[in-house]
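This report concerns only the one structure given below.
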Amino acid sequence: MAKYAYPAIFTKEENGYSIQFPDLESCYTSADNLTGGIEMAADVLCLTLYWQEKEGKDIPAPTAVNEVVHEKEEFVSLIACDTDWYRRFYDSKSVKKTLTLPSWLNDLAERNGINFSSVLQKALKAELHIG
């Protein structure tokens, strides 16, 4: 649940680029051009790290860019992602929570048409300092 930056190896192919992350197993993609490759790399990196976080797996430390072993015709670029943003964008499934509050407060809120879910979401976002 954080911001990450990992080195990616870009390999020029006949029809674009293939991209792999040497620090992360099964984390690779491809694209028709370099701009698309950078976008696709950020997306697959975020998806991979998001699932590792969600499953409670250890996330390896990234190798320093100048220490990444690659072929002469390849190049290495640092790719960044934010799994908190990714989670908010893609994992918007609602979950049910049970809470307890004083009866008088519940009655007053209901009489005033307060949406409990909306108020709780706003309060949690404010408490966590997220937009």
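The values are calculated or read from the model by the stated rules, or taken from the named source; none is laboratory data. Bear in mind the structure is a predicted one, so any value in this text is a computation, not a measurement. Here Cβ is always computed from backbone atoms with ideal geometry, including for glycine, and neighbour counts include all displayed protein chains. What goes into the accessible areas is simple: the full protein's heavy atoms, side chains included, and nothing from ligands, DNA or RNA. Shrake-Rupley method; radii C 1.70, N 1.55, O 1.52, S 1.80 Å.
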- prompt: Of all accessible surface on the range 1-109 at a 1.4 Å probe, what whole percent is carbon and sulfur?
  reply: 53 percent
- prompt: Once phi is turned into θ = phi - 60°, what whole-Hz ³J(HN,Hα) does the Karplus curve with 6.51, -1.76 and 1.60 give for every residue of the range 30-43, x standing for Gly and Pro?
  reply: 8, 7, 6, 9, 5, 4, x, x, 5, 5, 5, 4, 4, 5
task: Please calculate how many Å² of accessible area the chain carries per residue, with a 1.4 Å probe and no DNA, RNA or ligand atoms counted.
output: 74 Å²
Theoretical FRET efficiency, 1/(1+(r/R0)^6), r = Cβ-Cβ of L120 and R87, R0 30 Å, to 0.05: 0.95
- request: With θ set to phi - 60°, apply the Karplus curve 6.51 cos²θ - 1.76 cosθ + 1.60 along the range 8-13 and write out the HN-Hα couplings as whole Hz, x wherever there is a Gly or Pro.
  value: 10, 9, 9, 10, 6, 10
message: At 0.36 nm per residue, and after removing the present C-alpha to C-alpha distance, how many nm does the segment from T100 to L47 gain when stretched out fully?
response: 15.5 nm
statement: Of all stretches in the chain that avoid GluC sites (Glu not before Pro) placed in a DSSP loop and having at most 16 other Cβ atoms within 10 Å, the longest is 74-131
